[in-house]
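Let me begin by presenting the structure, written as structure tokens, before commenting on it.
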Protein chains: 2
Amino acid sequence: MEKVKAVLKPEEMPKKWYNILPDLPEPLAPPLDQETDKPINPEKLKRIFAEELVKQEMSSKRFIEIPEEILEVYIKIGRPTPLFRATHLEKALKTPARIYFKYEGATITGSHKINTALAQAYYAKNQGIERLVTETGAGQWGTALSLAGALFGLKIRVYMARASYQQKPYRKILMQTYGAEIYPSPSDRTSIGRKFLAQDPNHPGGLGIAISEAIEDVLNDENARYSLGSVLNHVLMHQTIIGEEARLQMELLDEEPTTIVGCVGGGSNFAGLAYPFVRDVLKGKAGYEFYAIEPRAAPSMTRGVYTYDYGDSGRLTPKIKMHTLGHTYYVPPIHAGGLRYHGLAPTLSILINHGIVKPKAYHQTEIFEAAVLFARTEGIVPAPESAHAVKGVIDLALKAKENGEKKVILFNLSGHGLLDLKGYEDFLEGRLNDYEPKEFPILEGS
Amino acid sequence: MEKVKAVLKPEEMPKKWYNILPDLPEPLAPPLDQETDKPINPEKLKRIFAEELVKQEMSSKRFIEIPEEILEVYIKIGRPTPLFRATHLEKALKTPARIYFKYEGATITGSHKINTALAQAYYAKNQGIERLVTETGAGQWGTALSLAGALFGLKIRVYMARASYQQKPYRKILMQTYGAEIYPSPSDRTSIGRKFLAQDPNHPGGLGIAISEAIEDVLNDENARYSLGSVLNHVLMHQTIIGEEARLQMELLDEEPTTIVGCVGGGSNFAGLAYPFVRDVLKGKAGYEFYAIEPRAAPSMTRGVYTYDYGDSGRLTPKIKMHTLGHTYYVPPIHAGGLRYHGLAPTLSILINHGIVKPKAYHQTEIFEAAVLFARTEGIVPAPESAHAVKGVIDLALKAKENGEKKVILFNLSGHGLLDLKGYEDFLEGRLNDYEPKEFPILEGS
């Protein structure tokens, strides 16, 4: 039989996360205090994040040991995840390229988000924190943190963009089943929420507003901390378990990738798969190419400006240097809710600036078309976010056919779309809209 | 680290299905021709089912080799599936019992149904059949057959009980994403459908009616065959891959079960896990106990009569000897749509008659309560069907605590509930109804 899947046994799971900071081609610009515009004092960050996460955020250690308690729950929630060869898709495309994908949808909560949720909940619990507060857009992050709270015995509160709260009732029920508290954002629980509600009592909300509400909530409760699902270095680092597993699995299949692909909102699933391979490129040991795929409706990589900006709409976060569309940009309501963010991970921003990672943007109609082909050939219905990677891969595989190249493409299928079927229905019935903003409200320069 | 999960690599997957027929404590009563009441001529069955399936239905071979092409797609759709120890649930129950579960929700379509769907599609394709027609209740079976059709290049048509078609739009979209045609049943496409529509233009439908429509559809198209998702021997046999894997996995964990549990509608997921263990009991090699769990709203095992009855409402199927509530019984609208069936697998009926399998019935409020505890401890949201098994296991584990018994319980978590969250919402908001019919319309005696 052809080798079409690589599986690691629990005892074969890697036991370290990879921290890209010491290997970056230039040092990370420091986050600036939003009140003074000077590099932020880490002590101030400890009021927002669990202490260990603040340490990890700035760590110069290349590898960080994963605590035993986290390894145990990683195994419970579906790690190591499988790595597949997409043989049926290859045949449908008649491409000479070999296509592999790491399937993070195989985790219990259906996406990669659980990898950092468990780590964040573990460190918070260890510190004696009682509650984690966060925001969620599409709901994948909120779901992951809700389960992590249930498993480690922490209370979880989630501010969910009102538009998603109303359109995705299943996500809300899922989080409640795990025992979390969910509020539509903007809410009347925070001064920032009330400000937006005063503008429009049915304000659809957005990630930027929900982050502000979550942080304000935390600042009013000493036993609470904030939890973020992407962008920051510690979050991306927790995701590198994906790429460390994938390296072992490609070896099991006697393969080495030429090309690595992932979708990008804040950057965490992309980094999770790619950074352990980027490590080899930065050290001159390999020449992999990397493609990061984003929506044309939120094109921070392809059309954003590299500058200091706030992470949220309410300006409660420190300013970070990143590719941004401006913190007041309202991202149009595309189905890939997890990619509706104005900014980008600072580490990924640097890799793009240095030409190591190549960005590409697509409209949602073309990504759903690619996703339906994937579902009918490989059987998995991709999350709309992950469908961006699928579209990128299909285009690369068709180009390889045109050029007669024997590429070996590896991508991150970061989640399944079983709770996002409305987008598929809209596509199948020809009702999808594409969005391409003309300009972006970049307000703050560095 | 404690051993909490057993994983098989693709090359370790068992390569044979187990056929219980030669080992049964008494021979299976022959199906009767619905027109003559005499044992049916197998040739007549070949107009309804693919030829190889008719052979398998009556085979006296104990093991049947799984064709290479099916093994390959088994690997693609997520086999071998993992086997977990439910350590967090054990702690929450403070039970001395050790609890293990085989997780069939880890397949791409989210339940065990894909195991037979792929086999049926493969044999049909091999025979040159162009289309498979079936019915679906909750939608798990229809989803599985839709994907199997996409992977093997067959057209799929599904009659879906109208109540489910309207209440579960996500299931319909999922099947359409795989390229299948879906009709609400009763439909105006068949004479039987039109008969029921004449009684009530908004008739909610049911599995019995949808089966009749699918068979009538097949009888009108020479290139089509019918496909059934449970009850029959060949269907249960395809599911035994579950138990054959579980045997190897329990060995990897140095465990032997004392008690095996599954939920039962037609009987296929229960048989899939249990029959490879029943084999040892029938041969006197082991003394495992088996519990089969059903809803009180459809109690064919605990309150049905063992007699010849039709498999469908329209009396188009042969009569089979089984535990039945009567083919005209309308099963109340419980959330576990996959268990809303009046009959039971004939082989399982015999095992119950001989006291080898013990049946038990629960109300849906208590099964959802068990399912929420499971979600908050083990992280997986069970399908409402599988939640019956969870409830049965929790009661057995609590009884073991009472009696100080060191039981080792193994159960089949046959599917996840990500597309059934409405039931969880109704439970969390205290809106669930329980149903317990007083009597059943058993119309036909043997």
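In segment A:346-442, Cα pairs under 8 Å separated by at least six residues give a relative contact order of 30 percent. What is the distance in Å between the Cα centroid of segment A:305-349 and that of segment A:373-446? Each part's Cα centre sits 21 Å from the other's.
Would you compute, from DSSP H runs of 4+ residues alone, the mean residue ellipticity of chain B at 222 nm, taking -39500 (n - 2.57) per run and dividing by the full residue count, rounded to the nearest 500? Provide the component values of the computation, followed by the final result.
Details: 18 runs with 179 residues, N = 446.
Result for chain B: -12000 deg cm²/dmol, rounded to the nearest 500.
Counting neighbouring beta carbons within 10 Å and listing from fewest to most, the residues B:LYS38, B:LYS44, A:LYS321 come out as B:LYS38, B:LYS44, A:LYS321. Computed over all pairs of different Cα atoms, the Kirkwood value for the hydrodynamic radius of segment A:235-328 is 14.8 Å. Each copy carries A:GLU11; placing its label point 7 Å along the C-beta direction from Cα gives inter-copy distances of 1.8 nm, listed from smallest up. Checking the Cα-Cα distances for A:LYS46/A:LYS76; A:LYS55/A:LYS113; A:LYS102/B:LYS5; B:LYS91/B:LYS358 against a 25 Å cut-off, the pairs over it are A:LYS46/A:LYS76; B:LYS91/B:LYS358.
Taken residue by residue and averaged, Cβ atoms of other chains lying within 10 Å of the Cβ of A:378-384 number 5. Among B:HIS203, B:HIS327, sorting on how many other beta-carbon atoms sit within 10 Å of each Cβ, with the fewest leading, yields B:HIS203, B:HIS327.
Using Cβ point charges alone (K and R +1, D and E -1), the dipole size of the protein assembly as shown about the Cα centre works out to roughly 340 debye. In whole percents, the pair-distance distribution calculated for segment A:330-395 from its alpha-carbon pairs, binned every 5 Å from zero, is 4, 16, 23, 20, 19, 12, 6, 1. Hand me the trypsin sites (Lys or Arg not before Pro) from segment A:175-244 located in a DSSP loop with no more than 16 other Cβ atoms within 10 Å, in residue order please. Sites meeting the loop and neighbour criteria: A:ARG189.
Rounded to the nearest 10 degrees, the angle from helix A:268-282 to the longest Cα principal axis of chain A is 60 degrees. A simple charge model with +1 on the Cβ of Lys and Arg, -1 on the Cβ of Asp and Glu and nothing else charged puts the dipole of chain B at about 380 debye relative to its Cα centre. Given the options B:GLU12, B:GLU135, B:GLU51, which has the most mean-square fluctuation in a GNM of chain B, springs set between C-alpha atoms less than 10 angstrom apart? It is B:GLU12.
Cross-link partners of B:LYS422 among lysines, defined as those whose alpha carbon lies under 18 angstrom from its own and excluding same-chain residues fewer than eight positions apart: A:LYS168, A:LYS172, A:LYS422, B:LYS168, B:LYS172. Chain A residue nearest the rotation axis toward B, with distance: A:LEU418, 3 (Cβ to axis, whole Å). Within segment A:337-446, the trypsin sites (Lys or Arg not before Pro) that combine a DSSP coil assignment with at most 14 other C-beta atoms in a 10 angstrom radius are A:LYS406, A:ARG431, A:LYS438. Report the far tail of the P(r) of segment A:155-221, meaning the percent of Cα-Cα pairs longer than 13 Å. Considering segment A:155-221, 59 percent of its Cα-Cα pairs are separated by more than 13 Å.
Segment A:173-212 and segment B:46-106 have Cα centres lying 43 Å from one another. Ascending distances from the B:GLU405 label point to its copies in the other chains, with the point 7 Å along the Cα-to-beta-carbon line: 6.4 nm. Bridges between two residues of the protein assembly as shown, per DSSP, are antiparallel at a rate of about 35%.
The P(r) of the protein assembly as shown has a tail past 52 Å containing 15 percent of all C-alpha pairs. Using a 10 angstrom cutoff on alpha carbons, build the Gaussian network for chain A and name the most mobile of A:ASP420, A:ASP254, A:ASP309. In the Gaussian network model the winner is A:ASP254. Beta bridges per DSSP, both residues in chain B: antiparallel share near 35 percent.
Global size of chain A: 20.2, 63 Å for Rg and Dmax (C-alpha atoms, Rg to one decimal, Dmax whole).
Note on A:419-431: average number of Cβ atoms from other chains within 10 Å of each residue's Cβ is 3. With the convex hull of its Cα atoms as the shape, segment B:116-199 has an orientation-averaged projected area of 5.4 nm². Taking amide H atoms as placed 1.01 Å from N in the peptide plane, the amide H of A:PHE290 lies under 5 Å from those of A:ILE260, A:LYS358, each 5 or more residues away in sequence or on another chain. Rounded if a/c is under 1.5, else prolate if a/b beats b/c, else oblate: with a ≥ b ≥ c from the C-alpha gyration tensor eigenvalues square-rooted, which is segment A:282-429? Since a/c reaches 1.5 but b/c is at least a/b, the shape of segment A:282-429 is classed as oblate. Does anyone have the angle between helix B:364-378 and the longest principal axis of chain B? Alpha-carbon axes, 0 to 90°, nearest 10? Helix B:364-378 sits at roughly 50 degrees to that axis.
Partner aspartates and glutamates whose Cα lies under 19 Å from the Cα of B:LYS406, excluding those fewer than 8 positions away in the same chain, are identified as B:GLU2, B:GLU90, B:GLU251, B:ASP254, B:GLU255, B:GLU256, B:GLU289, B:ASP395. Of the residues A:PRO318, B:GLY314, A:PRO10, the one whose Cα sits farthest towards the positive end of the charge dipole of the protein assembly as shown is A:PRO10 (charges of +1 on Lys and Arg Cβ, -1 on Asp and Glu Cβ, taken about the Cα centre).
Rounded to the nearest Hz, the phi-derived 3J(HN,Hα) couplings of segment A:48-65 under the Karplus curve 6.51 cos²θ - 1.76 cosθ + 1.60 (θ = phi - 60°) are 9, 10, 4, 4, 4, 5, 5, 4, 4, 4, 10, 5, 9, 6, 6, 10, 10, 5, where x marks glycine and proline.
Considering only DSSP beta bridges where both residues belong to segment A:240-382, give the percentage that are antiparallel (nearest 5).
Antiparallel: roughly 35 percent of the beta bridges in segment A:240-382.
Shown here are the Rg and Dmax of the Cα trace of segment B:222-268, at 14.9, 52 Å. Its residues counted as N, segment B:1-49 yields a C-alpha radius of gyration over 2.2 N^0.38 Å of 2.09.
Loop-located GluC sites (Glu not before Pro) across segment A:140-247 with a Cβ neighbour count of 13 or fewer within 10 Å are A:GLU222, with loop assigned by DSSP. For chain A, the longest principal axis of the Cα atoms and the long axis of helix A:140-152 meet at an angle of about 70 degrees.
For the residues A:GLU378, B:GLU130, B:GLU43, what sequence is obtained by ranking on other C-beta atoms within 10 Å, fewest first? Spell out each step's value before the answer.
Numbers: A:GLU378 28, B:GLU130 14, B:GLU43 9.
If I rank by nearby Cβ atoms, fewest first, I get B:GLU43, B:GLU130, A:GLU378.
For chain A, modelled as a GNM whose springs connect Cα atoms under 10 angstrom apart, the maximal fluctuation among A:GLY206, A:GLY392, A:GLY287 occurs at A:GLY287. For B:GLU429, inter-copy separations between label points set 7 Å beyond Cα along the Cβ vector come to 2.2 nm, shortest first. For A:ILE66, nonlocal amide neighbours, meaning residues 5 or more places apart or on other chains whose placed amide H falls under 5 Å from its own, are A:LYS16, A:TRP17.
Take each residue of peptide B:125-132, count the partner chain Cβ atoms within 10 Å of its Cβ, and average: the result is 0.
Placing +1 on the Cβ of every Lys and Arg and -1 on the Cβ of every Asp and Glu, with nothing else charged, gives segment A:208-313 a dipole about its Cα centre of roughly 400 debye.
Pairs of alpha-carbon atoms within less than 8 angstrom and 6+ residues apart define the contacts here; what relative contact order does segment B:104-251 have, in percent?
Taking the mean separation of contacting Cα pairs over the length of segment B:104-251, I get 26 percent.
Taking 12 Å as the straight-line reach from the Cα of B:LYS16, the aspartates and glutamates in range (excluding those fewer than 8 positions away in the same chain) are B:GLU65, B:GLU68, B:GLU244, B:GLU245. A P(r) calculated from all alpha carbon pairs of segment B:57-125, with 5 Å bins opening at zero, reads 3, 14, 18, 17, 15, 12, 8, 7, 5, 1, 0 percent.
Across 10 Å bins from 0, what is the distribution of all Cα-Cα pair distances for segment B:1-121, in whole percents? Spelled out per bin, shortest first, that is 10, 28, 28, 21, 9, 3, 0.
D by Stokes-Einstein for segment A:98-245, Kirkwood Rh over Cα pairs, 10 °C, 1.306 mPa s: 102 µm²/s.
Taking amide H positions as placed 1.01 Å from N in the peptide plane, with prolines and chain starts having none, which residues 5 or more places from B:GLY206, or on another chain, fall under 5 Å of its amide H? For B:GLY206, the qualifying residues are B:ARG162.
No value in this document is a laboratory result; all are computed from the given coordinates. Small disclaimer: the values here were computed from a predicted structure and weren't measured. So basically every Cβ, Gly included, is an ideal-geometry build from the backbone, and we count neighbours across all protein chains shown.
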